[in-house]
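Only one structure is covered here, and it is reproduced in the block below.
The values are calculated or read from the model by the stated rules, or taken from the named source; none is laboratory data. No experiment lies behind these values; they were computed from the predicted model shown. Every residue, glycine among them, receives a Cβ derived from its backbone with ideal geometry; neighbour counts consider all protein chains shown.
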Amino acid sequence: MKLHHSTADVFIPDQKPETEALRRVTHLGIGAHQDDLEFMAFHGILNCFARDDQWFGGVTCTNGAGSSRSGPYAKYSDAEMMAIRRQEQNTAAVIGGYAAMFQLDYPSSAIKSPTEQELKNDLKAILAATRPEVVYTHNPADKHDTHIGVTIAALLAMRELPRDQRPKQVIGCEVWRNLDWLPDEQKVLMDVSGRDNLAAALNGVFDSQIAGGKRYDLATLGRRAANATFFNSHATDAATQLIFGVDLTPLVTDDSIDILEHVCDLIDQFRDDVRLKLGQRLGQL
């Protein structure tokens, strides 16, 4: 497959021919950074793990140059960090049994540009080659600018596909902002209970970030546990690990929906719910 950057990489863990490997993908994760897939799209990884009828494919868009570093990685150059981050991501693909792992090698600055087209075109080519049924990407209310850039590029790429080639489900996932604020009826609930060992193995691969000063491994499992416990105040826990998502499928099936207005409408629903509950208690409604 021809991708924009000559340094982009397509890694096939089981060494199948590329075309065959890509055609088997049923669940595709599109993330900004190395490790985003394992944190946000574990539901897809788990659904496909050790199966031959469903396969997870991963896309990491950035090159890892801007990664935080301290401790044993404090003196690593950008080039050295990029190499180790790429290796960490490919190792996660082996552990998770991915069908394929794309690393597109974009600098974050390019992804954050509103005029950037190359990433969208790369993602369109990948989507056309894999034809996934389900796509996981960042939620559009994430607070990380690079995550938002990836989400928009992915949505626009899917909108440019013929309608019969578009995914059946598109989910925006939690990373740099959780989705606890999303109205419950709008949440996509992804139960990933009972496989903490696999989650820990995948998260723990990214030593350059964990030893480098960010305990993503603990935070990710902690968020999932908190989601499960605090989701329903009047019932015992139905899950021990729960990931929240926002359904972005309407934005892919209906090109006429304004992405900005759709997301802001969800935020307004949260505001209205808070206003109603608080106003009733204060006797102001």
- prompt: Which condition breaks for T115 when tested against (1) outside any helix (DSSP H, G or I); (2) in contact (Cβ under 8 Å) with a residue 60 or more places away in the chain; (3) surrounded by fewer than 21 Cβ atoms within 10 Å (Cβ to Cβ)?
  reply: (2)
field: Lone qualifier among R23, R69, R51 - being in contact with a helix residue (DSSP H, G or I) (Cβ under 8 Å, 6 or more places away or on another chain), modelled with pLDDT of 95 or more and charged (D, E, K, R)
entry: R23
- request: Return yes when I171 is at pLDDT 95 or above, part of a helix (DSSP H, G or I) and at negative phi and no when it is not.
  value: no
query: When the residues of the range 256-285 are filtered to those that are surrounded by 10 or more Cβ atoms within 10 Å (Cβ to Cβ) and more than 21 Å from D142 (Cα to Cα), which remaining residue is farthest from the chain's Cα centre (by Cα)?
result: L285
Output for the range 174-210, where each listed residue is closer than 15 Å to T91 by Cβ and not in a helix (DSSP H, G or I): V205, F206
Where a residue in the range 77-104 is at positive phi and its partner, wherever it lies, is part of a helix (DSSP H, G or I) and crowded, with 16+ Cβ neighbours inside 10 Å, with Cβ under 8 Å and at least six apart: G97/C48
field: In the range 138-165, residue surrounded by the most Cβ atoms within 10 Å (Cβ to Cβ) [restricted to those that are in contact with an Asp or Glu (Cβ under 9 Å, 6 or more places away or on another chain) and in a helix (DSSP H, G or I)]
entry: V150
field: Qualifying residues in the range 35-78 (those that are among the small types (G, A, S) and more than 27 Å from K112 (Cβ to Cβ)) - the one surrounded by the most Cβ atoms within 10 Å (Cβ to Cβ)
entry: G71
- line: Conditions (1) surrounded by fewer than 14 Cβ atoms within 10 Å (Cβ to Cβ); (2) of a type in the set (D, E, K, R); (3) part of a helix (DSSP H, G or I) -> R223 fails only (1)
